[in-house]
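Shown next, in structure tokens, is the structure this report addresses.
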Amino acid sequence: MALFTPFISGFIAAAIGIIPPGLINMTAAKIKIKEGNKNALWFVIGAVLVIFFQAYVAILFARVIDNRPDVVTLLREVGFVIFSILTIYFLFIAKDPKTKKKSKIKKSSKKSRFFLGMLLSGLNFFPIPYYVLVSVTLSSYHLFVFENNIIFTFVMGSVLGSFAALYSYIAFFGRIEKKTDYLMRNMNKIIGTITGVIAMVTLFNILNYYFG
């Protein structure tokens, strides 16, 4: 039971981070449509392999800064500023993205798709600060402890959550393609709302630290 909480926390955190349409999950879906399940699955495996190392490095970094309350508070303040700027940008400045016409994807080998997954996942640096923030936040609520077995369990939960979210795009993209187009057209509003909620929660934690 002690390992269940970090596992399910990692799983949910990964799913939340990957479910919104993005480069990696949309590429996986397109590969599935054009090249079949096997190539798409190899792409996902390559992407998830990199996510494993990104999540592990993030948690190790978070363990270092978790012992420094001043650094944690500073990160929250920086995070509040960043999320507030992102909220203003996505809600009031950014133009709504237009859905692109379908383009043909050349047939490629499983090996090339595996390394493409690793490449795109490696170019995405979002998981590292994301998992730092998640683990530090969970720790502040006593839902996570920076012990080796807990860290490994959390990372494995993140890996499985990432795999499940990406595989859902492969399995169900054909059925939700129209809804995905709607999401893409309204992605700025969705992202702006999410970052706005995160900014408010972060502000509450900051105020609670100083005045609570």
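The values are calculated or read from the model by the stated rules, or taken from the named source; none is laboratory data. Predicted model, so just to flag it, every value in this text is computed and none were measured. Here the Cβ is made from the backbone with ideal geometry for all residues, glycine too, and neighbour counts use every protein chain on show. For accessibility, only protein heavy atoms count, side chains too; no ligands or nucleic acids. Shrake-Rupley method; radii C 1.70, N 1.55, O 1.52, S 1.80 Å.
Using the C-alpha atoms of the range 1-79, what convex hull volume per residue, in cubic angstrom, is computed?
On the way: hull volume 9.6 nm³, N = 79.
In the range 1-79, the Cα hull volume divided by residue count equals 121 Å³.
How large is the Kirkwood hydrodynamic radius of the range 22-163, in angstrom, based on all distinct alpha carbon pairs?
Details: mean 1/r = 0.0582 Å⁻¹.
That comes to 17.2 Å for the range 22-163.
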Quiz item: Largest first, what is the accessible-area ranking of Met118, Met26, Met200 with a 1.4 Å probe?
Solution: Met200, Met118, Met26
Exercise. Within the set of other residues whose C-beta is less than 10 Å from the C-beta of Phe146, count the net charge using Lys and Arg as +1 and Asp and Glu as -1.
Key: -1
Quiz item: Projected area of the range 105-145, taken from the Cα convex hull and averaged over every viewing direction, in nm²?
Solution: 4.3
